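What follows is a single structure, written as structure tokens, with notes after it.
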Amino acid sequence: MIHGGAGEIARSRTSPETDAALRDALARALTAGGDILSSGGAALDAVEAAVRVLEDDPHFNAGRGSAFTFEGTNELDAAIMAGDTLAAGSIAGVTATKNPVTLARAVMEQSSHVLLGREGADQFSRDHDLEQTDPAWFATPERRRQLDELLANGGKYDVEMKYGTVGAVARDTSGHLAAATSTGGVTGKRWGRIGDSPLIGAGTYADDRGAAVSCTGAGEFFIRESVAFQINARVRFLGEPLQVAADTVMAEVKALGGTGGVIVTAADGDAAWSFTTSSMYRGRASSDGAAVVALYADED
């Protein structure tokens, strides 16, 4: 399963060309991850591959196309987690790594740490020869327009509630789970703000004994609810069906005043998504059915 963000984006505000481009990118991400799984590959490889596709596509708020900070820069966050070992890696506030999810995996596999931030994460990326890019790669005219509009309206970030964070969860043929999430944050963020995406247990979590979860939405609320871990815990300890667990925790987020969505899968192959917004860009592929891509709530 994959997502490309959730928000209050109506059909009437999406051009046919953008609609088609979004669906094409989601389909390509599903194919990238699905091909790995269908050939017997690992869930961890599948979620990284799917997220890299979405990071490279400017229609999403991750990698290329990331939101601008208040100061007009791009600061990128990502996380990845393996459900069999609970190994995890994440990065926050990086500025030059072309694919942040790959840097998060490098932190997981090539360091003794889980979370690296800002200058240190950038240096770790260079030290491990990950592909670097010029800041212009991340910047797009549409994201710049959104920042300019925000500044003109007094500086309240993400006033249109567009959460373009991307993510993937997967179960492989060995029954192992993995999750990955990547984001540019929210338009107009300040003072080194970090949301839920790179925080293990908040925006990203994977545990073979419960569930793999990737979140998108109003990060401050997802952090306070520890959304990804809560869903996993409800599945693991209470034995709740995925849909019940996801809907319950998302209702708690909504009660706090937050919005967004989650994708979830479990070791038995069950899968679910849940969101409180009018749209969540999403897709699902499995060995026993055709791939499904959807953008709006009424497509369920």
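The values are calculated or read from the model by the stated rules, or taken from the named source; none is laboratory data. For clarity, every value in this text was computed on a predicted model and none was experimentally measured. Here Cβ is always computed from backbone atoms with ideal geometry, including for glycine, and neighbour counts include all displayed protein chains. Remember, those area values only see protein heavy atoms, side chains included, never the ligands or the DNA or RNA. Shrake-Rupley method; radii C 1.70, N 1.55, O 1.52, S 1.80 Å.
Quick notes
- Rolling a 1.4 Å probe across the protein heavy atoms gives the chain an accessible surface of 39 Å² per residue.
- Portion, in percent, of the accessible area of the range 48-144 that falls on carbon or sulfur, probe 1.4 Å: 51
- Restricting the trypsin sites (Lys or Arg not before Pro) of the range 91-190 to loop positions (DSSP other than H, G, I, E, B) with no more than 16 neighbouring Cβ atoms within 10 Å leaves K156, R190.
- Normalised by residue number, the volume inside the convex hull of the Cα atoms of the range 174-273 is 85 Å³ per residue.
- For the range 10-17, 3J(HN,Hα) per residue [Karplus equation, 6.51 cos²θ - 1.76 cosθ + 1.60, θ = phi - 60°, Hz, x = Gly/Pro]: 8, 3, 5, 9, 10, 5, x, 5
- Take the Cβ atoms of R13 and F70, set R0 to 25 Å, and the FRET efficiency comes out at 0.50.
- Antiparallel content of DSSP bridges confined to the range 32-169, in %, to 5: 65
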